[in-house]
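To keep things clear, I will list the structure first and then write my remarks on it.
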Amino acid sequence: MISCKLFSMRFAVCVFPGSNCDYDTYYVIRNVLEKEVEFVYWNEKDLSKYDCVVLPGGFSFGDYLRPGALAAHTPLAEAVYDFAQKGKFVLGICNGFQILTELHLLPGALLPNENMRFVCKTVHLRVETANSHLTKKLDKGEVIRIPIAHHDGRYYVPEEELKVMEERGQILFRYSDEEGNVTPKVNPNGSVSNIAGVMNKEGNVFGMMPHPERASEDILGSHDGLMLWYSLLSD
């Protein structure tokens with residue numbers, strides 16, 4: 001296991017009807033990182049006592065209408081929006097990423113996979129920037145292994161907006177092969193420019209389709225996800 005000096009941080013893990021990665025995320029924060037963490041439920045209105053809010057994967061409200069659409073209209077989502085506006089850290093994983101785009105806290109949208117199938121496998125990600133609070137323990141160009149599990153993970157943003165995001169360094173990860181080559185062949189869902197994760201222009205809200213909580217212990221086959229948690233927790 002990797003050792004790293006971690007600073008104190010209090011986490012909230014959001015729970016919506018249909019969330020199913022909430023306990024996995026809670027476990028990693030509490031048992032692996034040994035940090036304070038609490039569940040917060042869809043009707044919660046106050047997140048002021050937390051330092052970082054995590055929106056986990058799953059199928060919030062059964063993914064009715066479209067993934068994340070109903071969750072984005074809850075009291076908790078409104079609280080997350082206010083929390084983010086204060087500059088505090090928000091991390092959306094898979095369905096959480098979808099919710100953050102619905103809230104317009106992150107640019108773009110998540111569309112159904114190009115092959116219209118649910119994809120569940122471990123993928124390689126190339127780190128596109130080390131200049132973020134989520135990736136600063138990694139090197140630009142480094143390749144990490146993290147699982148995906150989604151049906152609506154095809155990231156889309158208009159070309160002009162993508163150019164602006166590129167210039168600002170908002171792209172966090174791209175799907176790649178194990179050597180870091182970004183090609184259509186290794187794109188598991190048809191995401192524009194192989195994008196797997198992005199952040200807002202202010203640099204405090206992060207969204208990614210891969211699941212770092214499922215790659216945070218050696219027994220799971222990869223601990224590469226730990227470096228993202230460590231990045232959030234480091235000065």
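Observations on the structure shown:
- The single condition among (1) closer than 23 Å to K86 by Cα; (2) at pLDDT 95 or above; (3) hydroxyl-bearing (S, T, Y) that S8 does not meet is (2).
- Among the residues listed as C14, C21, the single one being modelled with pLDDT of 95 or more and within 23 Å of Q85 (Cβ to Cβ): C14
- Single residue of region 182-225 satisfying the filter (part of a loop (DSSP other than H, G, I, E, B) and hydrophobic (A, V, I, L, M, F, W, C)) that is surrounded by the most Cβ atoms within 10 Å (Cβ to Cβ): M209
- Residue in region 55-76 that is in contact with a helix residue (DSSP H, G or I) (Cβ under 7 Å, 6 or more places away or on another chain) and under 17 Å from L232 (Cα atoms) present: yes
- Residue that is modelled with pLDDT under 95 and not polar (S, T, N, Q), where the choices are G207, G197, G221: G221
The values are calculated or read from the model by the stated rules, or taken from the named source; none is laboratory data. Because the structure is predicted, anything quoted here is derived from the model rather than measured. Because the Cβ atoms are built from the backbone with ideal geometry, glycine has one as well, and the counts that use them run over all protein chains shown.
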